[in-house]
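Have a look at the structure below, then the notes.
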Amino acid sequence: MAEQEPIERKLNEELLLSALEAARQAGADYAEVRGLAEIQNDVRVKNGEINKMMTREDNGWGLNVRIGAGWGFASSAELTGQSVKEIAAQAVQLAKASGRVQPKNQAASYGQPSRATGEYRSPVQIDPFKVPPREQLEMLFSAEANLRRFGRVKVSESHLQAFRSFKFFANTEGAHQRQFITETGGGLSAIAVEGPYSYQRTYGRGGNYGQAGYEYILDLQLEDEALRVGEEAHELVAADPVPAGPTMVVIGSNLAALMVHESCGHPTELDRVLGSENAFAGGSFLEPQMRGSFRYGSPAVNLTADATIPGALGTFGWDDEGTPAKRTPLVENGIFTGYLSSRDTAAAIGLESGGAARASSWSRVPIVRMTNVSLEPGEGSLDSLIGEVENGLYLETPSSWSLDDKRMNFHFSAEICREIKNGKLGKLYKGASFMERTPIFWGNALKVAGPEEWKVWGFLSCAKGEPLQSAHVAHGASPVLVRELTVQREGK
Amino acid sequence: MSEAQVEHLIGQAAVLNRLEDFLKLVPARTGHVELILEREQVAVTRFAHNRIHQNVSNRDVRLWVRASVGGSVASMACNNLDEKVVKETIEQALKIARLMPNRQHPGFASSPDESGHNTEPGSEGLTFPGQANPGPAGASFVKATAYQTPEDRAKTIAELVAPVQEAGLEGYGTYKNVLTELAVANTNGLRSYAAGTSGYLKGLIETADGKQAGYADQLSRDVTTLDPLALARTAIQKCLLNKNQIELGPGEYEAVLEPNTVADLVRFMVIHGCGAQQLQDGRSFMTGRFGEKVTGANINIWEDPASPYAMPFPLDYEGQYARAVPLVSNGKAAGVVYDRVTASRVPGHVSTGQATTPWNITSDIVPIPQHIVMGGGTDKPVEELVKNVKRGLVITRLHYTHCPDPRRVVATGTTRDGTFLVENGEIVAAVKNMRLTQSVLELLDTVEEFGQSKTCQDWWTANGMAITNYNLPALRVGRCAFTGNTTF
């Protein structure tokens, strides 16, 4: 028998399996148990000092049961014979209480059974938890000092993070899965201040993250990137305000990734469509009858949910209902075709689960989440897109974003904006934002740059669900050429 | 949960004794250690289409170990209170702190009384319009809330849903009960403890086709004050009124902002301007402006952790008593909140007791106001405020607001669940949702009338993404800027 990894020893799999039997004995029609052991490192340097040096362990388990049409989920950090009995009883009590507020003849469908067994491990070359803290700090101090080389930068920060998890899942249908995932990443932030103005420039807003070891952090080259980020912050605060008005634009990869997240990923979540998130995250303008016919974008727009992309944050072996990772087209040649879905939501509209039920923690119930929702690449380089613009703007990196509760109207601000004149990048502008309706924006997408420009961005904090679930998701995107967008000037 | 389970969870003596035992695990002469223990039990029942579709409960304990060696602080956290695990966690934190360059951390407090009040240069004499919370401190823990069972929550939701079904409408929403206890102890002798409860009930009512929506919510430390029937009536009434929406173009309008809307706007003053870290970073709207006008002279905003109407809680995550702090006084920038680290950077300043949770791993830990009160509230319901609007809008609440310009506190977000056009003092039409984009400071320069106050949370806090509670009045404002609209 192979030697257990330290993180495996945090979960007693026999006790977890015994919870299924305890649930059955307590009256559950169906039960699934999920144990999760996690360790996380967070190191931050700010203004020449260590801002945070923190390691956090978080271990626990949860039991999800169904009785008729009523669901109950109970969870605990304690995993003992006694707590298994208590949590099973609580989950059943919750499911029975749910049954008290159900319409007559409420269907109890949970879709296709999940019976898969196996193990998934994300690739790791350099174990991030074995890199000496001093080595991590030296790199961060060096990067942070590079941000401060530029006079107007008043607040500078560099950070790195590492996450490791071991997840055990089993259900009463026979699924039995073990998953080991390591994620790393980091980022930079420089805030330049001059007079009444302050502007932030970052590396990828929150940074960038992937399923990998410390080699991913080294590949970010934060020390070199800091020179660019610091200089751009320094220039940005003294730049002219962006000229407002309709114009042709090129959207950079990082901003395009967040726009995909907000204006495609969220509205294609089937639980939102079916109303489960109406009172919090909101619904969706993409109603089931629109599938297969609604023009979401131009023919250049192809969007997929793909939980199999190597090294991306939304990749796994099985989702948290035990469904194998899948690739699902969401928008094909501009036509809306698919949803992100779970077992019950897919069953509600006659589909099979899209394998997108995820829980952010042992204490959370699986809900429909993004995996890796990406804008598929087209052709050509970023330079070739810019070369097609006589007069326009290049926008990169989101600084704020806001959408209505059906994801139709959106407002984004860009950290940085450059003039495009006769096919070449020109002067820097500050304060660019834009508001548009989702199908109009993507309908104006003339071209998407090719695979050579396609980059996967890992986001750590996609928020949804009650209690809140903050998910790790990723988005691949190449720069996008947009025929017309009305750029607004934040009133600086 | 049963009473036995609650007893298992709660107890000042038990928790502090446990921490006392853990402090004995700190090796002699190795450094100072502070332990922050937070126990939490959260139960959330969600409903959609008039049925409970999600019903969850979890209990957790988090122990945060902060080790200070020669002015450097390292942190380790775990959610397991086995002595062996805690001992390893303490030793590891001390080991990392020893490896770190001197960070000039101010060290740990020895008493919860070390927090206090500060005066900023320029804000001398600016204080509250009277006394913050002149009455006794509100209770943070209410037994009735702690004892809510799954059956209680189902019953509450059934009461809310019944009139919705009778009206042929669809109900969506959440009933959440939270029970927490926070204890801080360190090798300098500090011992602090507080417990809290909360009940939050919200209802979004829609027509079957989803084209009309109305909303209401209630928040309290004490669930016996929640009234699901009244909540349902308000949301149903709003839903039925919200029909045949007309489309209005962008522009400036008079407006009546209900308290939930005000919370979503004031939130950006709070998170981007009312904490010492933002001030010290040069990013606050108060930077260089203490004593100067930042809003209309009729605006008074303060942090009041003892207010019974702003979800009181007596402690912060450094074990310090949370103090009242004037933020905007008669329209002038008056102060910000501090934790120990930010206070140590200003000679003569002390923590005001607003240190936030260390558990958040993805962002900076900064002091933030958590119990915001805006003065001026009256007994006028929204209907009274509407009577004085010539042509304008009533805004129920906002969705997914953001702040494109933190220094000017520009907020943007779309309206939802009830936006109405008012002409000559009467609601004349429902309106398709609109995007509000405006500097909150400029908006608060046009407040003409105050209505009834409400205990509430902004959209972010209500949904677990932020931590500030509010007691805010409805406002009638003279100029509210809308930059666009949506299709529904």
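Hey, could you check the range A:413-442 for residues that are within 14 Å of chain B (Cβ to nearest Cβ) and either without any contact (Cβ under 8 Å) to a residue 24 or more places away in the chain or among the aromatic types (Phe, Trp, Tyr) (or both) and say which is surrounded by the fewest Cβ atoms within 10 Å (Cβ to Cβ)?
Top of the filtered list is A:Ile440.
Of the conditions (1) surrounded by fewer than 20 Cβ atoms within 10 Å (Cβ to Cβ); (2) facing chain A (nearest Cβ under 10 Å), B:Glu91 clears all except one; give me its number.
The failed condition is (2).
Write out, first by first residue and then by second, each pair whose Cβ atoms fall under 7 Å of each other, whose residues are 6+ apart or on separate chains, and whose first residue, in the range B:197-212, is facing chain A (nearest Cβ under 8 Å) and free of Cβ contacts under 8 Å to residues at least 40 places away in the same chain while the second is aliphatic (A, V, I, L, M) and surrounded by 23 or more Cβ atoms within 10 Å (Cβ to Cβ).
Every condition considered, the pairs that remain are B:Glu206/B:Ala213.
Could you run through the range A:347-368 and say how many residues are part of a loop (DSSP other than H, G, I, E, B) and either touching a residue at least 40 places away in the same chain (Cβ under 8 Å) or crowded, with 20+ Cβ neighbours inside 10 Å (or both)?
We begin by selecting, within the range A:347-368, every residue part of a loop (DSSP other than H, G, I, E, B); these are A:349-356, A:359-366.
Now narrow it down to the ones that are either touching a residue at least 40 places away in the same chain (Cβ under 8 Å) or crowded, with 20+ Cβ neighbours inside 10 Å (or both): A:349, A:352-356, A:359-366.
Of the residues in the range A:347-368, 14 are part of a loop (DSSP other than H, G, I, E, B) and either touching a residue at least 40 places away in the same chain (Cβ under 8 Å) or crowded, with 20+ Cβ neighbours inside 10 Å (or both).
Across the range A:279-302, which residue is farthest from A:Leu375 (Cα to Cα) among those that are in a helix (DSSP H, G or I) and within 13 Å of chain B (Cβ to nearest Cβ)? Outline the logic, then answer.
Kept after step one, since they are in a helix (DSSP H, G or I), are these residues of the range A:279-302: A:288-290.
Then keep just the ones that are within 13 Å of chain B (Cβ to nearest Cβ); that gives A:288-289.
Details: A:Pro288: 21, A:Gln289: 23 Å.
The residue in question is A:Gln289.
For the range B:209-254, enumerate the residues that are under 30 Å from B:Glu181 (Cα atoms) and small (Gly, Ala, Ser).
Listed by number, the residues that qualify are B:Ala216, B:Ser220.
Output the helices (runs of 4 or more DSSP H) that fall wholly within the range B:1-107 and possess 1 or more residues being in contact with a Gly (Cβ under 8 Å, 6 or more places away or on another chain), or say none.
Because the criterion is at least 1 residues that are in contact with a Gly (Cβ under 8 Å, 6 or more places away or on another chain), the helices (runs of 4 or more DSSP H) in the range B:1-107 that meet it are B:83-99.
Would you list the strands (runs of 3 or more DSSP E) that sit entirely within the range A:1-120 and hold 1 or more residues that are more than 28 Å from B:Asn80 (Cα to Cα) and acidic (Asp, Glu)?
A:49-67
Go through (1) more than 29 Å from B:Asn433 (Cα to Cα); (2) more than 10 Å from chain B (Cβ to nearest Cβ) one by one and return the number of the condition A:Glu396 breaks.
Every condition holds for A:Glu396 apart from (1).
Show me the strands (runs of 3 or more DSSP E) found entirely inside the range B:367-427 where at least 3 residues are within 19 Å of B:Gly249 (Cα to Cα) and of a type outside the set (Ser, Thr, Tyr).
Ranges flagged: B:391-405, B:410-423.
Any residue in the range B:370-391 that is within 21 Å of B:Leu248 (Cα to Cα) sitting within a Cβ distance under 9 Å of a residue that is assigned to a loop (DSSP other than H, G, I, E, B) and not β-branched (Val, Ile, Thr)? List the pairs, counting only those 6 or more apart or interchain.
Once the first residue is within 21 Å of B:Leu248 (Cα to Cα) and sits in the range B:370-391, its partners that are assigned to a loop (DSSP other than H, G, I, E, B) and not β-branched (Val, Ile, Thr) give B:Val386/B:Gly425; B:Lys387/B:Gly425; B:Asn388/B:Gly425; B:Val389/B:Asn424; B:Val389/B:Gly425; B:Lys390/B:Asn424; B:Lys390/B:Gly425; B:Arg391/B:Asn424.
Kindly evaluate A:Gln177 against the criterion of being closer than 27 Å to A:Ala212 by Cα, surrounded by fewer than 16 Cβ atoms within 10 Å (Cβ to Cβ), under 26 Å from the mean Cα position of the chain (by Cα) and modelled with pLDDT of 95 or more.
In short, no.
Each row is one residue, and each column tells you yes or no for (1) in contact with a helix residue (DSSP H, G or I) (Cβ under 8 Å, 6 or more places away or on another chain); (2) loosely packed, with under 15 Cβ neighbours inside 10 Å.
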| site | (1), (2) |
| --- | --- |
| A:Val101 | yes, no |
| A:Arg115 | no, yes |
| A:Ser122 | no, no |
| A:Pro128 | yes, no |
| A:Arg134 | yes, yes |
| A:Leu140 | yes, no |
| A:Arg152 | yes, no |
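What are the pairs with Cβ atoms under 6 angstrom where one residue, in the range A:288-303, is assigned by TED's automatic domain parsing to the domain that holds A:Gly476 and the other, located anywhere, is surrounded by fewer than 16 Cβ atoms within 10 Å (Cβ to Cβ)? Sequence gap at least six, or different chains.
Once the first residue is assigned by TED's automatic domain parsing to the domain that holds A:Gly476 and sits in the range A:288-303, its partners that are surrounded by fewer than 16 Cβ atoms within 10 Å (Cβ to Cβ) give A:Pro288/A:Ile349; A:Pro299/A:Asn333.
Please work out which one of (1) within 13 Å of chain A (Cβ to nearest Cβ); (2) within 16 Å of the chain's Cα centre (by Cα); (3) crowded, with 20+ Cβ neighbours inside 10 Å; (4) not polar (S, T, N, Q) is the condition B:Met465 fails and give its number.
In the conditions (1) within 13 Å of chain A (Cβ to nearest Cβ); (2) within 16 Å of the chain's Cα centre (by Cα); (3) crowded, with 20+ Cβ neighbours inside 10 Å; (4) not polar (S, T, N, Q), B:Met465 misses (3) alone.
Could you count how many residues in the range A:353-393 are within 14 Å of chain B (Cβ to nearest Cβ) and among the hydroxyl-bearing types (Ser, Thr, Tyr)?
Final tally of qualifying residues: 3.
Hey, can you tell me all the residues within the range B:440-459 that are surrounded by fewer than 20 Cβ atoms within 10 Å (Cβ to Cβ) and either within 14 Å of chain A (Cβ to nearest Cβ) or touching a helix residue (DSSP H, G or I) at 6+ places or on another chain (Cβ under 7 Å) (or both)?
If the condition is that a residue be surrounded by fewer than 20 Cβ atoms within 10 Å (Cβ to Cβ) and either within 14 Å of chain A (Cβ to nearest Cβ) or touching a helix residue (DSSP H, G or I) at 6+ places or on another chain (Cβ under 7 Å) (or both), then B:Glu442 is the only one that fits.
Output the number of residues of the range A:104-125 satisfying the condition of being in contact with a strand residue (DSSP E or B) (Cβ under 9 Å, 6 or more places away or on another chain) and at negative phi. Even if it seems obvious, please write down each step before you answer.
Pass one, the range A:104-125, residues in contact with a strand residue (DSSP E or B) (Cβ under 9 Å, 6 or more places away or on another chain): A:106, A:108, A:110, A:113-124.
Now restrict to residues that are at negative phi: A:106, A:108, A:110, A:113-117, A:119-124.
Selection size over the range A:104-125: 14.
I'd like to verify a number: residues in the range A:128-153 that are in contact with a strand residue (DSSP E or B) (Cβ under 8 Å, 6 or more places away or on another chain), part of a loop (DSSP other than H, G, I, E, B) and closer than 24 Å to A:Leu460 by Cβ, how many?
Of the residues in that region, 0 qualify.
Which one of A:Ser165, A:Ser156 is surrounded by 24 or more Cβ atoms within 10 Å (Cβ to Cβ), at pLDDT 95 or above and assigned to a strand (DSSP E or B)? Can you show your working first?
Details: A:Ser165 fails: surrounded by 24 or more Cβ atoms within 10 Å (Cβ to Cβ).
Result of the check over A:Ser165, A:Ser156: A:Ser156.
One line per residue, one yes/no per condition, for (1) within 18 Å of A:Pro246 (Cβ to Cβ); (2) within 12 Å of chain B (Cβ to nearest Cβ):
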position	(1), (2)
A:Asn444	yes, no
A:Trp457	no, no
A:Cys462	no, yes
A:Leu468	no, yes
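So which of B:Leu126, B:Leu160 is within 12 Å of chain A (Cβ to nearest Cβ) and under 28 Å from the mean Cα position of the chain (by Cα)?
Of the residues listed, the single one that is within 12 Å of chain A (Cβ to nearest Cβ) and under 28 Å from the mean Cα position of the chain (by Cα) is B:Leu160.
I'm trying to understand the selection: among the residues of the range B:468-483, which are within 12 Å of chain A (Cβ to nearest Cβ) and surrounded by fewer than 22 Cβ atoms within 10 Å (Cβ to Cβ)?
Matches in the range B:468-483: B:Ala481, B:Thr483.
Of the conditions (1) at pLDDT 95 or above; (2) farther than 29 Å from B:Leu201 by Cα; (3) of a type outside the set (Val, Ile, Thr); (4) out of contact with any Phe, Trp or Tyr (no Cβ under 9 Å at 6 or more places or on another chain), B:Arg479 satisfies every one except a single condition; which number is it?
The single condition B:Arg479 does not satisfy is (4).
Grab the strands (runs of 3 or more DSSP E) fully contained in the range B:197-307, keeping just those with 3 or more residues being surrounded by fewer than 20 Cβ atoms within 10 Å (Cβ to Cβ).
Details: elements: B:213-220, B:251-257, B:301-303.
Because the criterion is at least 3 residues that are surrounded by fewer than 20 Cβ atoms within 10 Å (Cβ to Cβ), the strands (runs of 3 or more DSSP E) in the range B:197-307 that meet it are B:251-257.
For the range A:241-248, does any single residue satisfy the condition of being among the β-branched types (Val, Ile, Thr) and either over 30 Å from A:Leu137 (Cβ atoms) or within 14 Å of another protein chain (Cβ to nearest Cβ) (or both)?
yes
Pick out the one residue from B:Leu441, B:Leu472 that is within 18 Å of the chain's Cα centre (by Cα) and either at negative phi or not in a strand (DSSP E or B) (or both).
Values: B:Leu441 fails: within 18 Å of the chain's Cα centre (by Cα).
Only one candidate passes the filter, namely B:Leu472.
Being closer than 30 Å to A:Ala226 by Cβ and more than 8 Å from every other protein chain (Cβ to nearest Cβ) narrows it down to one of A:Asn105, A:Asn41, A:Asn12, A:Asn51, so name that one.
So the residue among A:Asn105, A:Asn41, A:Asn12, A:Asn51 that is closer than 30 Å to A:Ala226 by Cβ and more than 8 Å from every other protein chain (Cβ to nearest Cβ) is A:Asn41.
The values are calculated or read from the model by the stated rules, or taken from the named source; none is laboratory data. Small disclaimer: the values here were computed from a predicted structure and weren't measured. Quick reminder, even Gly has a Cβ in these numbers, built from the backbone with ideal geometry, and neighbours come from all protein chains shown.
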